[in-house]
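The values are calculated or read from the model by the stated rules, or taken from the named source; none is laboratory data. Here the structure is a predicted model, which means the values were calculated and not measured. Note: ideal-geometry Cβ built from the backbone for every residue, glycine included; neighbour counts use all protein chains shown.
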Amino acid sequence: MPSHTILIVDDQPSNLSTLDSLFEQTGEDYEILQALNGESALRIAEAERPDLAIIDWDMPGMSGIELTRALKSRPETEDIMVIMCSGVMMTAQHLQTALEAGASDYVRKPVDEVELQARTRSMIKLGESYKTIKKQHRELQDSFAQMEVLAKTGPLTKLANRRAFLERSETIWQVANRSERPFGLLLADLDHFKRVNDQYGHASGDRLLQQVAARLTSSVRAQDVVGRWGGEEFIVLLPETDLAGSLNLAEKIRLNIETTAFDLQEMTLKASLSIGVSHYEKGLSLEKCIQHADEALYQSKESGRNRVTVYNRG
C-alpha cells in the first residue's frame, strides 16, 4: 500500500506526465493522482484526501490560486498540503498571494527532480506534524470540555452542582429583573433519606438519589434548571413561569416521586419529596427567592412531609 498520496494538477497533459515520471524516479512509494483542471482536482481531493497537492498556478477556468483557496475552505480538504507550481519567476508578491491562499511552498518549472523530492518530503512531513498537532488540540479541547462538565455537574446525579446552578440562575434572574418576567423556584427534600442510608446502606441511598434526579429531569422542560442543592436536597428554577405554573409543576413532581417504585437492585423502595415553592417579584434578589423556597420547604416538612408549600410572606 502506498505510503502517501499526491495529487498533481496541470492543464497540460505533458506536464502531468513529466511530474509523474519524476516521482517514479525518486523511488518513493507514492500514489499519484492527476487532474487537468481545478474542478476535477477538487472532486478528486474531496474523494481521495491526498496528503499533498502540487498545483499549476496558471490554469484556465479555476486557477491554481482559486483551487488552493477552495481546498483550504472545506473541512474535508483543508489539511492537504499545497505546493504551487509556476513557469514564471515567483516574485515576492506572487509568493505572498500563494501563501495567503493556503499554499505552503512552491516549485518552478521546469521542475528539478532533486528539488521536487526535497520539497515533497518536507511538505509531507510538515503535513503529518500538522495533523498530529491538530489531533492533540482536539483531544485537549475534549478534555477541557469534559473537565468543564465535571466541574459543573455532580458525578452521582449528573445534575448541576450548586455553583453551576447559581451561575445559570443568575442569568435568568437578570432577564427577569430587567424585563419583569416571572420565574418560579422549587426546593425539594427527599423525605427520610437518612433512614435509607442507615437501613439499606449508602450504595442503595446513592441509587435512590440517582433515580430521583432522573425523575426530576424528566418532569421539567428543557429550559428549566435542575440542580442538586446538597445532600438529599434538589432545586429547580422555572423561567417564564408564574406562581400557578410553579405550583402545578411542583405537585406533578411530588406525585411522580410518590407513585414510583424505585429499583435499588436488591429491592424496590417507595419515596417522597417535600417541596417549597417561591416565585420572583420585582426587586427580589435570587438569594431571597431561594431563601423563601427554603422557608416554604421547612413548612412542608413540619406539616408532615410529602407535600407542596408555597412561601407565604405572612
Query raised in the report: Is it true that Ala151 is farther than 20 Å from Ala261 by Cβ, modelled with pLDDT under 90 and loosely packed, with under 13 Cβ neighbours inside 10 Å?
Result: yes
Report task. Considering each residue of segment 41-83, count those that are basic (Lys, Arg), free of Cβ contacts under 8 Å to residues at least 40 places away in the same chain and either out of contact with any helix residue (DSSP H, G or I) (no Cβ under 9 Å at 6 or more places or on another chain) or under 23 Å from Gln117 (Cβ atoms) (or both), and give that number. Result -> 1
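Condition check ((1) closer than 27 Å to Gln25 by Cβ; (2) among the aromatic types (Phe, Trp, Tyr)) across all residues:
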position	(1), (2)
Gln96	no, no
Lys109	yes, no
Thr132	no, no
Gln141	no, no
Pro155	no, no
Leu159	no, no
Arg162	no, no
Glu167	no, no
Trp173	no, yes
Query - Close pairs from segment 274-290: first closer than 22 Å to Glu232 by Cβ, partner among the acidic types (Asp, Glu) and not in a loop (DSSP other than H, G, I, E, B), Cβ under 6 Å, at least 6 apart - result: Ser274/Asp189
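Looking at Arg305, Arg254 in this structure, which one is within 20 Å of Val196 (Cβ to Cβ), in a loop (DSSP other than H, G, I, E, B), basic (Lys, Arg) and at pLDDT 95 or above?
Arg305
Condition check ((1) farther than 12 Å from Ile6 by Cβ; (2) surrounded by fewer than 16 Cβ atoms within 10 Å (Cβ to Cβ)) across all residues:
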| site | (1), (2) |
| --- | --- |
| Asn37 | yes, no |
| Ala45 | no, no |
| Leu52 | no, no |
| Ile55 | no, no |
| Pro60 | yes, yes |
| Ala70 | yes, no |
| Glu76 | yes, yes |
Requested in this report: Tell me, yes or no, whether segment 220-239 has at least one residue that is part of a helix (DSSP H, G or I), more than 17 Å from Thr153 (Cβ to Cβ), free of Cβ contacts under 8 Å to residues at least 40 places away in the same chain and assigned by TED's automatic domain parsing to the domain that holds Ser278.
Outcome: no
Report task. Give just the number: which of (1) of a type in the set (S, T, N, Q); (2) modelled with pLDDT of 95 or more; (3) within 35 Å of the chain's Cα centre (by Cα) does Ser272 not satisfy? Result -> (3)
Query raised in the report: Name the residues in segment 50-107 that are among the hydroxyl-bearing types (Ser, Thr, Tyr) and part of a loop (DSSP other than H, G, I, E, B), would you?
Result: Ser63, Ser73, Thr77, Thr91, Ser104
Report summary line: The lone condition Gly231 fails out of (1) modelled with pLDDT of 95 or more; (2) of a type in the set (Gly, Ala, Ser); (3) at positive phi is (1)
Report task. For Leu216, state whether it is buried (at least 19 other Cβ atoms within 10 Å of the Cβ), part of a helix (DSSP H, G or I) and of a type outside the set (Lys, Arg). Result -> yes
Query raised in the report: Within segment 17-31, is there a residue that is farther than 17 Å from Arg119 by Cα and buried (at least 16 other Cβ atoms within 10 Å of the Cβ)?
Result: no
Report task. Working carefully through the options Asp294, Asp263, find the one that is assigned by TED's automatic domain parsing to the domain that holds Ile172 and in contact with a Leu (Cβ under 7 Å, 6 or more places away or on another chain). Result -> Asp294
Report task. Among residues belonging to segment 91-107 that are surrounded by fewer than 16 Cβ atoms within 10 Å (Cβ to Cβ) and at pLDDT below 85, point out the one that is nearest to Leu16 (Cα to Cα). Result -> Leu95
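What residue, among those in segment 240-251 that are in contact (Cβ under 8 Å) with a residue 12 or more places away in the chain and not acidic (Asp, Glu), is nearest to Asn177 (Cα to Cα)?
Taking the candidates together, the pick is Thr241.
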Query raised in the report: Is it the case that segment 260-283 has a residue that's of a type in the set (A, V, I, L, M, F, W, C), surrounded by 14 or more Cβ atoms within 10 Å (Cβ to Cβ) and assigned to a helix (DSSP H, G or I)?
Result: no
**Report entry** Failed item in (1) more than 20 Å from His94 (Cβ to Cβ); (2) touching a residue at least 40 places away in the same chain (Cβ under 8 Å), with Asp11 passing the rest
**Finding:** (1)
Query raised in the report: Does Asp189 meet the test of being among the charged types (D, E, K, R), buried (at least 22 other Cβ atoms within 10 Å of the Cβ) and closer than 19 Å to Lys270 by Cβ?
Result: yes
